[in-house]
Amino acid sequence: MQFQLDVNGERHALDLDTRTSLLDALRDHLGLTGSKKGCDHGQCGACTVMVNGRRINSCLTLACMHEGDEITTIEGLGRPDDLSPLQRAFVEHDGYQCGYCTPGQICSATAMIEEIKAGWPSNVTDDLEAQVEASIEEISERMSGNLCRCSCYPGIVDAIRQVAREEARA
Amino acid sequence: MTLETTRRLKHDTPDTDRRLDGMAQGVLGTGMDRPEGPLKVSGRATYAAEAHPEAMAEGYLVRATTIGRITGSNADAIRAMPGVIEVIEDERMIRNAAQGMAGESPVQRQGQVWYVGQPVACVVAESFEQARHAAQAMMVTIEPDGTHVFDAEDPAAEVEKPEQKQLDQGDLEGAMSAATFSLDATYHTPSMSSAAMEPHASIAQWDEDGVLTLRGSYQLLKFNKAELADVLGVAPDKVRILSPYVGGGFGSKLGLAPEAVAAALAAQALGRPVRVVLHRRQVFETVTRRSETRQRIRLACDAEGKLSAIGHENLVSQLPGEVFSEPVAQGTHFQYAAPNRVIGHEIARIRRPAAGSVRAPGEAVGVTAFEIAIDELAKKAGIDPLEFRLRNVPDKHPENGKPFSSSTMEATLREGAKRFGWTHTPPRQRREGEWWIGTGMAGAVRVNMMIEAMARAVLTGQGVRVECDMTDIGTGSYAILTQVAAEMLGFAPDRVETVLGDTDLPPASGSGGSFGAASTSTAVYLACMELRERLAAKLGVKEPELTLKDGLAIHENRQTPLAEILGEEEWRALGHLQPGKAGQEVRQATWGAIFAEVAVSDVTGETRVRRMDGTFAAGRILNLKTARSQCHGGMTWGIGLALTEAMEHDPRDGHMVNRDLAEYHLPVNLDVPQLGVHFLEERDDWANPLQAKGIGELSVCGSGAAVINAIENACGVRVRRLPATLDQVMDGLIAQG
């Protein structure tokens, strides 16, 4: 099937099997291997990318469904010599070890900070009317769809808190 | 040809020079950021499955659904499916991953299915979607070959009791009956999985000279190369393995796994590159798991809590044909003093998927159960469990009288208790709404090992390049090897390039058993020392009088830039560590203490860990940041062991029921509080010239017990069958009324 994908501001023409997941399209057909495959079943979050600003598991959606969508992957957030604030904070707080879940964590956190700003409540939010704080508990709850077997959760939470605070101040 | 000299160390005696303490760069031991960090956080670090050689075909493994003899298949029909190129049913395919450091092939297919889930074929197609579809359509005919046993505790199980793994010192029974307090309790830990985030993946490519290059995800490359060569029946120099980035290992990537063999065979048969990636469910089934254990623990003490007897008899399971068995009592041999000792080890040969080393094999489950038992006996004796442990610290190896290389058990217990604010209270004292609140503690211990390692350092006027086949599985190898070279040769870390994960480079230790950092760092240290000697000789000074800092050689109030000394030259040196008597003459170990606060729901039986603090001693800490992260990991593994992780096997055929990340419950972010980690800095001269010991596994060995003990303190429920599932805790709560 022929279709187009807009990824990190670039348009790509593709001709793929309709069964190809968005994740496999990115990794195997567009050379964007930053998005990782940990389970291929939406259980681990390593494949998290942003579609129109919202975080999704790219393994759970077919590539051909996303013509016209604005897709952002880890490669679109920053480069090794020009990292995003969250990417820098993950390095500083050692919010990763093997690095395999890391792109998913960072894509997820990037969108999650916007969810908090927009006032979306979570399972641990006590007051659904109040402005949500980027507390340890809120961040931990909202990042629980991104598994890390190296178990860098304390560093991940510290990194996200730092950036969420900086953004709240700005 | 550039001159390359070698510096060797057979490690027989303690190193009291402590040369690293005299270096000037000030890099080693700091919490330096990982040099590969920017690549990892930007998605540019490339893992095993992420190369795309031209004309690469896709392979997908086919799983056996029953046990027996393979008598046929519908391979011809599969070959006719869209996109399918070939169906590989080669008898050289391996039934499961090799054991760590095997260096030879594991059991091969040979027409036999040993366990449900064994890979029996590989379908190769033009695309991944085609290969997956065809593999799922493939039917392999398997004739049953008799009845089998699937549970180690089944009386019909064939049980081995290897003589060299039993110990009987003194009179345990007599001590038990004479004791003021005693305990005879049986604990169970479940079958478990490493569940590294990156599934095993291999891309195999043969060149026209018959050399195989395999991009894989492995921990011990020199052994993996030998294993792959043995499987294929080729000389080891015909195999090259590349693993520059490894998405987690935890033991699961110690040994060559089935996908590598399938990719290599397929690529050879087709004459084009082939990629095989394990599906997550195949990772669970075909890569070695941690055996479930049954542990009978007997303890006896006097009125003051002095232990007089220790019994630790365990039963583990394993597939026939595997030599490894979970060394459950490895820490028990020396953790506590007591004159009367029995250690027993039995292995039931059953048809569950193969068991192997998972992070901290032995102590992870053995120390955990033992530290729960110690808590139980302390309670019987009416003694604070911290104080109870302090009264039983051994001053030498309790079984053979050998000295400890360093003994920090008492220091970590005391420091940990202080940092946590430990006070011992009776159970069921604190309640917040539906939640019982309590605290618990445990000691941690893990043996320390070194294995043979080589590394090359290449010095130029501008910096250093470190080269070896070491892997970084998240442990921080890139960081610490960079730091060792920077410290020894006096360069800022950004002037050091560390190249790893390629078997064409000198064979290092690889990553496993917490031996990687210390062993390979020592090899780098030796290579750098060789270069220091050459610099000193050229400058006409003695090496100890030479200071290297920021690219300058400083001696006798003179500063000479290395760029001037070396000019355009490139100096190369190899470091070669061989373990020696230092590993046998003393007991080397790392020690720690873990404290936890939990909340247990009186309504649901759910346990939440609210606070957890670990204090550890492992010799010189090479990188504060990566060492801390390793301990975060281990403590979290303790939470998983205590509360959520268990692989369930079908009693009818042994197959893994919950073989995915939705049903095998790793701790998630909200399950883990902001963990506290503290290090007691020490120098263990027996360990190596760096005075550094392994840190990657220690924190797994006891953390789970701290949580289980805290549950008892919170609500009075003692859990002996891990994990502490809600049903068990609820039953206990109901029984308490």
_Tell me the relative contact order for chain B as a rounded percent, counting alpha carbon contacts under 8 Å between residues six or more apart._
18 percent
*Could you give the distance between the Cα centres of the range B:363-390 and the range B:197-269, to the whole Å?*
44 Å
_Potential extension, B:L624-B:A156 segment - 0.36 nm per residue separation minus Cα distance_ = 163.4 nm
_For chain B, give me the percentage of DSSP beta bridges that are antiparallel, rounded to the nearest 5 percent._
75 percent
*Would you pull out the residues with amide H under 5 Å of B:L220's amide H, same chain only if 5 or more places away, H placed 1.01 Å from N?*
B:S511
*Residue-count net charge about A:N123 - beta-carbon cut-off 12 Å; Lys, Arg +1, Asp, Glu -1*: -3
*Once you list every other residue whose beta carbon is under 9 Å from the beta carbon of B:Q691, what net charge do they have if Lys and Arg are +1 and Asp and Glu are -1?*
-1
*asked:* Between 0 and 90 degrees, rounded to the nearest ten: what's the tilt of helix A:153-169 against the longest Cα principal axis of chain A?
replied: 80 degrees
*Would you please calculate the Kirkwood hydrodynamic radius of the range A:2-75 over all C-alpha pairs and express it in Å, rounded to one decimal?*
11.9 Å
_As a test, work out the antiparallel percent of DSSP beta bridges whose residues both lie in the protein assembly as shown, rounded to the nearest 5._
75 percent
_Anisotropy class of the protein assembly as shown from Cα gyration tensor, a/c 1.5 cut_ = rounded
*Among all the lysines, which ones have a C-alpha under 20 Å from B:K625's C-alpha, if same-chain residues fewer than 8 places away are not counted?*
B:K40, B:K693
*Given labels modelled 7 Å from the Cα in the Cβ direction, how far is it in nm from B:Q462 to B:E568?*
1.3 nm
*asked:* Can you give me the orientation-averaged projected area of the convex hull built on the Cα atoms of the range A:47-137, in nm²?
replied: 7.4 nm²
*May I ask you to sort B:T412, B:T560, B:T471, B:T626 by Cβ crowding, counting other Cβ atoms within 10 Å and putting the fewest first?*
B:T560, B:T412, B:T626, B:T471
*Give the distance, in whole Å, between the Cα centre of the range B:501-561 and the Cα centre of the range A:31-66.*
44 Å
_If I model a spin label as a point 7 Å beyond the Cα along the Cα-Cβ vector, how far apart are those points for A:E133 and A:R79 in nm?_
4.0 nm
*Tail fraction, Cα-Cα pairs, chain A, threshold 20 Å, whole percent*: 51 percent
*Please report the relative contact order for the range A:85-169, taking Cα pairs under 8 Å with a sequence separation of at least 6, and give it as a percent rounded to a whole number.*
47 percent
*May I ask which residue of B:A48, B:I374, B:G170 lies farthest towards the positive end of the charge dipole of the protein assembly as shown, with charges of +1 (Lys, Arg) and -1 (Asp, Glu) on Cβ and the Cα centre as origin?*
B:G170
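Do you know the relative contact order of chain A, to the nearest whole percent, from alpha carbon pairs under 8 angstrom that are 6+ apart?
22 percent
Checking a compactness column here: for the range A:85-169, what do you get for Rg(Cα) / (2.2 N^0.38 Å), N being the number of residues?
Ratio of Cα Rg to 2.2 N^0.38 Å: 1.03.
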*Take the alpha carbon gyration tensor of chain B, find the square roots of its eigenvalues, order them as a ≥ b ≥ c, and report rounded if a/c is under 1.5; if not, report prolate when a/b exceeds b/c, else oblate.*
oblate
*asked:* Filter chain B for me: DSSP H helices, axial length by Cα at least 30 angstrom, mean Kyte-Doolittle hydropathy not below -1.0. List them by residue number.
replied: B:516-539
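None of the figures in this text is laboratory data; all of them are computed from the coordinates on show. Please read all numbers here as calculations on a predicted model, not as lab measurements. Cβ: placed from backbone, ideal geometry, glycine included. Neighbour counts: every protein chain shown.
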